[in-house]
Amino acid sequence: MNAPQKMIGRAQPRNEDSRLVAGKGRYTDDIDLPGQAWAVFLRSPHAHALIRGIDTTAARALPGVVAVLTGAAYVADGLRGIDHIPNPADAVRHQDKAFLHSETGSVYNRRQLPLPIDRVRHVGEAVAMVIAETPLQARDAAEAIVVDYEELPAVVRGDDALAPDAPQLWDDLPGNLCFRVQLGDRAAVDAAFARAVCIVRREFRNSRIVNAQMEPRSAIGEYDPATDTYTLTSGSQGVTRQQMGLADAFGVPMDRMRVICPDVGGGFGPRSSLNMEQVAVLWAAKRVGRPVKWTGDRSEAFVSDYQGRDVLIRAAMALDAEGRILALDNEMIGNVGAHTVSYVPMSNGSRVTTSVYDVPAVALRISAAMTNTVPTAPYRGAGRPETIHAMERMLDAAASELGIDRIQIRRINMIRRADLPRLSPMGLPYDAGDFPRNMERVLELADWAGFPARRAEAAARGRLRGIGLANYIESPVGAPRERIELRVGSDGGVDIVSGTQSTGQGHETSFAQVVADHVGVPFEKIRLRTGDTVFVKVGGGTHSDRSMRLGGTLLVQASARLVERARQAAADLLDVSPEKLKREGDGFASTGWRRKSATLAQLAHHVAKAGLPEDRSQRVLMADAEFNGRMPAFPTGSAVCELEIDPDTGVVEIVRYAAVDDVGTPINPLIVEGQVHGGLAQGLGQALSEGYAIDRATGQVLSGSYMDYGVPRAGLLPPLNIELTNDPTAGNPLGVKGGGESGITPATAATFNALADALSAHTRDELPMPATPLALWRVIHQKGATA
């Protein structure tokens with residue numbers, strides 16, 4: 001009999017697609033509960049204002065209104081705000097926080113009330129909640145609420161917020177500074193700069209972006225007075241983190257807080273954190289004695305969904321005459337927004353400061369600033385694209401200053417494969433990756449050598465053509481705890497219970513591929529169960545390239561344990577010693593002259609009837625595995641972007657894009673390539689069109705809908721030449737590094753290097769992000785203007 005074809009490495013079409021494409025997905029807004037009421041939030045029109053009073057009289061009198069709730073009632077009920085736990089675990093020592101010390105004395109963390117009681121701190125912050133029989137009745141009532149605001153000065157940029165005369169957001173936070181840390185070796189950097197032949201200084205403002213998921217956020221709250229238990233149904237990136245945050249806010253044990261996550265239409269990081277609406281609907285459900293549902297609209301999303309990026313990096317690079325980097329002296333200012341949701345982007349970004357290059361000395365100053373804006377949270381790549389952008393732009397600038405070829409300066413400074421493993425100056429233990437080979441291969445894919453001819457042809461057509469390259473490395477971290485449980489059903493199929501939560505990554509397919517190979521069960525008989533704290537007891541959720549790296553490792557471990565337990569059950573059922581059994585399909589057969597065999601279904605039936613041989617009280621054939629710690633892996637690669645600019649309009653056309661990505665072992669290459677494409681679309685969108693515009697003086701949002709926020713369309717994507725490679729890592733049994741963020745991490749850097757190349761005759765200044773047609777037109781036609 002031929003051995004079954006291996007599933008790991010197969011480009012298997014996704015199991016999920018047949019139901020999702022057919023419209024049979026089940027998202028939060030698809031769910032309606034008997035007797036449910038609807039919630040609508042009244043949101044602040046001001047970026048910063050005192051709340052002098054809230055008059056709800058007229059709203060309460062309107063038809064269908066069940067209740068009108070404010071922050072004062074929430075506090076009176078004895079509930080606490082959300083503790084977002086913004087300071088993440090360290091990327092190497094998970095027992096420690098990423099930021100242990102601060103020049104301010106402590107790392108600031110403030111609980112967020114779902115509805116503020118004293119003042120609003122960003123446009124769109126909810127000030128009241130209306131519960132009514134229908135959504136339209138709730139909306140009408142919300143519009144009848146009268147709020148007495150006293151408008152205050154606002155500050156929206158992180159660097160502005162740290163100025164001595166900036167408006168203060170919180171009375172206990174002088175200077176709006178959440179923390180400030182100095183990393184690296186200051187003395188070594190100063191000495192290197194003193195002997196440098198060339199010093200390059202640039203400032204990079206990584207624009208704020210909207211997390212434009214396909215599915216608007218939604219939440220349903222339930223309360224059972226008989227058992228004093230709560231149930232939240234809401235799309236997220238992991239139910240256990242939501243459960244912990246809610247239990248803490250409500251002051252109840254975890255087992256009285258159930259969280260359910262159905263299908264999710266996109267996460268990208270911000271849905272890892274608990275949102276105030278999720279807290280509010282649970283509180284309201286208890287208050288009104290019936291389920292309460294809220295579904296946000298797109299206008300709300302633009303002023304209330306956690307946002308991404310908004311990091312300022314002031315970079316300085318010292319080099320010798322040959323172009324070798326001597327030191328980096330960088331400053332990073334992260335715009336936290338109005339509430340302390342997450343410091344992850346600053347932690348992640350700091351770790352990859354030196355990227356794939358051999359940099360002897362680094363000094364990095366990190367400041368986290370609060371502003372009158374929507375809070376920021378991790379967004380796909382979470383700090384790594386921002387830092388890689390700065391590093392790759394600095395290399396191009398240094399090459400220009402020194403008169404060195406852009407590729408040659410990278411060859412001079414790149415870490416060699418023979419130099420690994422090594423500890424980077426920022427403390428990352430690089431273990432595997434052939435950085436020079438990746439760059440040389442992407443140059444071949446992009447036909448870098450043939451570019452001058454293509455540039456000349458474009459010039460003949462009146463177009464400005466440019467090409468740019470970016471190398472990258474990631475440091476995927478994420479929540480350090482995960483669990484996998486495997487259970488054999490009566491049909492011989494295997495149920496996987498996982499603490500991760502798919503938001504479109506294809507877990508139902510790739511997880512099943514791993515179990516199929518390691519247990520021997522047909523792929524079609526493996527089912528994934530996730531998204532409910534009734535059976536998901538431990539899990540870190542899906543983010544930071546962690547699902548297959550941690551989950552896959554546990555799948556391998558749990559599979560081995562399940563096979564061994566099945567072997568013991570087969571020995572008991574067949575009355576032979578375990579060592580005389582051999583694997584046969586998904587079951588076992590004896591090796592003696594009296595051949596006997598049992599399938600996994602038969603073994604599951606035996607266990608259910610008689611229990612496992614080592615424990616007759618155990619009536620389920622199952623195994624589990626749990627992990628708490630760090631599992632280092634370093635996805636890496638190179639990308640080349642080639643584009644043309646129409647000088648008459650400033651419109652950019654990306655004509656070619658090539659990438660080489662080392663994601664480790666691709667469990668499903670089809671899914672990995674889709675992840676690369678999706679990340680690339682987000683990176684190109686930020687580079688060229690996505691920019692959350694806020695009036696710097698008033699804090700008013702100027703791009704509050706898709707009419708004036710440039711989410712990328714399909715036409716933006718060029719022909720893609722993507723290649724996966726693998727320099728093996730020994731960090732986990734599957735050799736997985738991670739592919740979810742490969743596309744986005746180098747995208748803005750490669751694009752801006754190409755833009756700078758195309759516009760080299762017009763400016764040497766940094767271009768604004770996003771580089772919109774208007775901004776580029778101004779650079780071309782208004783000398784020195786970078787808009």
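Scanning region 187-239 for residues that are surrounded by fewer than 20 Cβ atoms within 10 Å (Cβ to Cβ), closer than 30 Å to Leu33 by Cβ and of a type in the set (Lys, Arg) yields nothing.
Within region 239-253, does at least one residue satisfy the condition of being among the hydroxyl-bearing types (Ser, Thr, Tyr), outside any loop (DSSP other than H, G, I, E, B), touching a residue at least 12 places away in the same chain (Cβ under 8 Å) and farther than 30 Å from Met394 by Cα? Looking through region 239-253, at least one residue is among the hydroxyl-bearing types (Ser, Thr, Tyr), outside any loop (DSSP other than H, G, I, E, B), touching a residue at least 12 places away in the same chain (Cβ under 8 Å) and farther than 30 Å from Met394 by Cα.
Taking every residue in region 453-473 that is in contact (Cβ under 8 Å) with a residue 24 or more places away in the chain and pairing it with any residue that is open to solvent by 20 Å² or more (accessible area, probe 1.4 Å) and of a type in the set (Asp, Glu), at least 6 positions away or on another chain, the pairs with Cβ-Cβ distances below 6 Å are Gly466/Asp757; Ile467/Asp757; Gly468/Asp757.
Here Ala47 does not fit the description of being buried (at least 20 other Cβ atoms within 10 Å of the Cβ) and either at pLDDT below 95 or outside any loop (DSSP other than H, G, I, E, B) (or both).
The helices (runs of 4 or more DSSP H) falling completely within region 662-781 that include 2 or more residues that are under 25 Å from Asp305 (Cα atoms), of a type in the set (A, V, I, L, M, F, W, C) and touching a residue at least 24 places away in the same chain (Cβ under 8 Å) map to 669-688. Can Pro425 be described as open to solvent by 20 Å² or more (accessible area, probe 1.4 Å), in contact (Cβ under 8 Å) with a residue 40 or more places away in the chain, over 15 Å from Gly468 (Cα atoms) and in contact with a Leu (Cβ under 6 Å, 6 or more places away or on another chain)? No: the conditions fail for Pro425.
Let's see how each residue does on (1) under 30 Å from Ile694 (Cβ atoms); (2) over 22 Å from the mean Cα position of the chain (by Cα); (3) free of Cβ contacts under 8 Å to residues at least 40 places away in the same chain; (4) open to solvent by less than 20 Å² (accessible area, probe 1.4 Å):
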| position | (1), (2), (3), (4) |
| --- | --- |
| Gln95 | no, no, yes, no |
| Glu103 | yes, yes, no, no |
| Pro114 | yes, yes, no, yes |
| Asp118 | yes, yes, no, no |
| Ala126 | yes, yes, no, yes |
| Asp140 | yes, yes, no, no |
| Asp148 | yes, yes, no, no |
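For region 283-293, a residue qualifies if it is open to solvent by less than 10 Å² (accessible area, probe 1.4 Å) and closer than 14 Å to Ser218 by Cβ, and the qualifying residues are Val292, Lys293.
So that you can scan it fast, the table gives a plain yes or no per residue for (1) surrounded by 19 or more Cβ atoms within 10 Å (Cβ to Cβ); (2) among the charged types (D, E, K, R); (3) within 17 Å of Ala446 (Cβ to Cβ):
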| position | (1), (2), (3) |
| --- | --- |
| Leu603 | yes, no, no |
| Leu612 | yes, no, no |
| Met622 | yes, no, no |
| Glu626 | no, yes, no |
| Arg630 | yes, yes, no |
| Val655 | no, no, yes |
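Taken across region 658-665, residues that are farther than 17 Å from Gly715 by Cα and out of contact with any strand residue (DSSP E or B) (no Cβ under 7 Å at 6 or more places or on another chain) do not occur at all.
Of the listed requirements (1) open to solvent by less than 40 Å² (accessible area, probe 1.4 Å); (2) in contact with a Gly (Cβ under 7 Å, 6 or more places away or on another chain), Ser638 misses just one: (2).
Picking from residues in region 499-532 that are modelled with pLDDT of 95 or more and in contact with a Gly (Cβ under 6 Å, 6 or more places away or on another chain), the one that is farthest from Leu670 (Cα to Cα) is Lys525. Selection within region 497-524: residues that are in contact (Cβ under 8 Å) with a residue 40 or more places away in the chain and charged (D, E, K, R). The member of this set that is most open to solvent (accessible area, probe 1.4 Å) is Glu508. Residues in region 368-387 that are in a loop (DSSP other than H, G, I, E, B) and out of contact with any strand residue (DSSP E or B) (no Cβ under 6 Å at 6 or more places or on another chain) were compared, and the one that is surrounded by the most Cβ atoms within 10 Å (Cβ to Cβ) is Gly381. Taken over region 737-750, the criterion of being touching a strand residue (DSSP E or B) at 6+ places or on another chain (Cβ under 9 Å) and either under 9 Å from Leu680 (Cα atoms) or open to solvent by less than 10 Å² (accessible area, probe 1.4 Å) (or both) is satisfied by Lys737, Gly738, Ser742, Gly743, Thr745, Pro746, Ala747, Thr748, Ala749, Ala750. Counting only residues that are basic (Lys, Arg) and surrounded by fewer than 24 Cβ atoms within 10 Å (Cβ to Cβ), which one in region 240-274 is farthest from Val497 (Cα to Cα)? The qualifying residue farthest from Val497 (Cα to Cα) is Arg256. Only one of the listed residues (Ala390, Ala399, Ala449, Ala456) is open to solvent by 10 Å² or more (accessible area, probe 1.4 Å) and either farther than 22 Å from Leu720 by Cα or among the acidic types (Asp, Glu) (or both). That residue is Ala456.
Out of curiosity, is Pro135 out of contact with any Cys (no Cβ under 9 Å at 6 or more places or on another chain) and farther than 29 Å from Asp32 by Cβ? The answer is no for Pro135.
For every residue, the table says whether it meets (1) in contact with a Leu (Cβ under 8 Å, 6 or more places away or on another chain); (2) of a type in the set (Phe, Trp, Tyr); (3) within 27 Å of Phe250 (Cα to Cα).
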residue	(1), (2), (3)
Ile8	yes, no, no
Pro34	no, no, yes
Val40	no, no, yes
Ala47	no, no, no
Thr56	no, no, yes
Thr70	yes, no, yes
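Here Gly78 fits the description: open to solvent by 20 Å² or more (accessible area, probe 1.4 Å) and outside any helix (DSSP H, G or I). Residues that are touching a Pro at 6+ places or on another chain (Cβ under 8 Å), within 29 Å of Pro613 (Cα to Cα) and surrounded by 24 or more Cβ atoms within 10 Å (Cβ to Cβ) do not occur anywhere in region 467-479.
Of the helices (runs of 4 or more DSSP H) lying entirely inside region 130-215, the ones with 2 or more residues being basic (Lys, Arg) are found at 186-195. A search for C-beta distances below 6 Å between a residue of region 349-367 that is open to solvent by 10 Å² or more (accessible area, probe 1.4 Å) and any residue that is in a loop (DSSP other than H, G, I, E, B) and among the small types (Gly, Ala, Ser), counting only pairs 6+ apart in sequence or on different chains, returns Arg351/Ala91; Arg351/Ser475.
The set of residues in region 683-708 that are more than 17 Å from Phe302 (Cβ to Cβ) and either hydroxyl-bearing (Ser, Thr, Tyr) or open to solvent by less than 40 Å² (accessible area, probe 1.4 Å) (or both) comprises Gly683, Leu684, Ala687, Leu688.
The values are calculated or read from the model by the stated rules, or taken from the named source; none is laboratory data. Note that the structure is predicted; figures quoted are calculated from it, not measured. Backbone-built Cβ (ideal geometry, glycine too); neighbour counts: all protein chains shown. Side chains are part of the model used for accessible areas, which takes the heavy atoms of the whole protein and leaves out ligands, DNA and RNA. Shrake-Rupley method; radii C 1.70, N 1.55, O 1.52, S 1.80 Å.
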